[in-house]
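Everything below concerns the one structure shown next.
No lab work stands behind these numbers, since they all come straight from the coordinates. Note that the structure is a prediction, hence the values are computed from the model and not measured. No Cβ is skipped: glycine too gets one built from the backbone with ideal geometry, and neighbour counts run over all protein chains shown.
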Amino acid sequence: MRAVGVAAGIALIGVAVAGCGGTSTPQAATTTSAAPKAVLASPNTIGLCGGVSDAEVGRQAGLADPARVSVNALSCVWQPGSGGDAVIFHWFRGSSLEERRTQVTTGKPATVQVAGQAGIEWRDASGCEVAVAFGDTDFIDWTVRHTVPGGSNTQSCPGVEALAAATLQQAGQG
C-alpha cells in the first residue's frame, strides 16, 4: 500500500510541475533591442527643385521672371528670361557637409545655422552659396551666381538662406 501511496504522490508532483509549464498557446519571445535609430532622409522627402516655386526663387534671389532651364531629381537651375544670373539647387545624397567645406572656392567658408540646421556659407562678388545638413548623410546646396560681378542682387546670401530654409521646412526638417 505504501508503494501505491508513493506512486500517487510522485504522479501528483508530476502533474503539478507540468501544470506550471504554461499554456498550450505559444507565447512571444521576450527580446530587447537598442533604441530606434533616427530615420534618415529618403529620396522622396525633398520636392523637385528643393520644393520651392519659381516665384519664390525669383523673389528670394532677386530674379525677374525666373524659368527652370535644367531639372532633375537632385538638381535644378533657374535663369531669368533675359539670361544672366542663375540660381542653382543641388541635393547631395550620401555626402558629408564637412567635405563640401573644402570643395567650394567662392570666398572663405563661414559656419551658419539655417532653420536650426548646421550649414556653411560662401560669398564673394560673383554670388553666394549655402550648404545645409539634411538628415545624417545628405546636404542641400543653394547658390546664386552672377554673370557680372555684383550681378543684379549683391545681397544674395539672405535670399539663398531663405530658399534653403524653405526647402528644409517643406521636407519637415526646419
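A few remarks follow.
- Amide proton proximity set for residue 114, modelled H, under 5 Å, gap of 5+: 119
- By the equivalent-ellipsoid construction on the alpha carbon gyration tensor, the range 80-174 comes out with semi-axes of 22, 15, 11 Å, ordered largest to smallest.
- Segments 63-72, 48-57, 111-120, 157-166 sorted - mean Cβ within 10 Å per residue, highest first: 157-166, 48-57, 111-120, 63-72
- Using the Stokes-Einstein relation with a Kirkwood hydrodynamic radius computed over Cα pairs, the translational diffusion coefficient of the range 41-124 at 25 °C and a viscosity of 0.890 mPa s comes to 171 µm²/s.
- For the range 83-123, a Kirkwood hydrodynamic radius built from all Cα pairs, placed in the Stokes-Einstein relation at 20 °C and 1.002 mPa s, yields a translational diffusion coefficient of 181 µm²/s.
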